[in-house]
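Take a look at the structure set out below.
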Amino acid sequence: GDTFIPNYLLSNYGFIIGIIGIWIVVKLIHKKTLTQVVTGRGTFDYNRVLYAILLGILISAFFLLLDRLFFHSEITFRAPNPWEYVTFLLFAIVLTPYQAGFEEVLFRGYLIQGVSLLTRNRFILVMTSSLLFMAPHLLNPEPYEYGFGPYVTTMLMFGVFLSLLTLLDGGIELAVGYHAANNLW
């Protein structure tokens with residue numbers, strides 16, 4: 001049919017499997033807990049994630065308001081029937097944080113810690129994580145719809161921002177929240 005919900009569900013369950021895979025690798029090979037890989041705190045701070053989601057949505061809403069008031073961009077809401085939209089929104093609210101969480105665990109948790117065993121140079125840590133974050137996103141349709149250069153630049157800057165946020169905060173919680181808000185928006 002016309003619905004994109006089954007494809008969305010199938011494409012997002014891979015991220016849950018990915019988090020489980022990283023957890024198994026960390027536990028069996030590295031003999032660490034997943035918490036030790038993703039945060040310098042004693043436990044994963046879900047309040048920081050929720051704070052970053054709220055802040056990310058407020059920032060996005062502010063820029064949307066500026067865009068509508070001063071630039072008058074063409075924005076249209078193209079939703080299928082309301083029931084399908086609500087169903088998709090509920091799935092997105094549940095699954096998008098897992099997708100963002102997997103990417104942050106992999107790129108800002110596991111990889112930054114791994115690369116930090118080779119170098120303490122923060123520039124190399126940030127750029128390695130950001131470039132590796134950008135690479136799989138090139139498989140998305142956006143670089144071919146919006147232009148390769150602008151998309152690559154945006155993804156690289158987003159990766160740098162999230163890497164710096166993780167290094168400065170000492171954990172991935174804020175990066176997970178902001179990433180989830182960005183992807184939900």
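Here are the numbers:
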item: Those residues of segment 95-144 which are small (G, A, S) and either without any contact (Cβ under 8 Å) to a residue 24 or more places away in the chain or touching a Ser or Thr at 6+ places or on another chain (Cβ under 7 Å) (or both), in sequence order; result: G114, S116, S129, S130, A135
item: Every residue from segment 159-185 that is open to solvent by less than 30 Å² (accessible area, probe 1.4 Å) and farther than 11 Å from R108 by Cβ; result: G177, A180, A181
item: Some residue of segment 165-179 being in contact with a strand residue (DSSP E or B) (Cβ under 7 Å, 6 or more places away or on another chain) and assigned to a helix (DSSP H, G or I); result: yes
item: Number of the exception - P143 against (1) out of contact with any Asp or Glu (no Cβ under 9 Å at 6 or more places or on another chain); (2) more than 26 Å from Y46 (Cβ to Cβ); (3) open to solvent by 10 Å² or more (accessible area, probe 1.4 Å); result: (3)
item: Scan of segment 71-112 for residues that are farther than 26 Å from F44 by Cα and among the aromatic types (F, W, Y), ordered by number; result: F71, F77, W83, Y85, F88
item: Matching entry among L156, L95 (being open to solvent by less than 50 Å² (accessible area, probe 1.4 Å), assigned to a helix (DSSP H, G or I), among the aliphatic types (A, V, I, L, M) and at pLDDT below 95); result: L95
item: Listing of helices (runs of 4 or more DSSP H) fully contained in segment 1-91 that carry 3 or more residues being open to solvent by 60 Å² or more (accessible area, probe 1.4 Å); result: 5-28, 46-66
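The values are calculated or read from the model by the stated rules, or taken from the named source; none is laboratory data. Everything numeric in this text was worked out from a predicted model, so none of it was measured. When we count neighbours, we look across all protein chains shown, and the Cβ atoms used for this are built from the backbone with ideal geometry, even at glycine. Side chains are part of the model used for accessible areas, which takes the heavy atoms of the whole protein and leaves out ligands, DNA and RNA. Shrake-Rupley method; radii C 1.70, N 1.55, O 1.52, S 1.80 Å.
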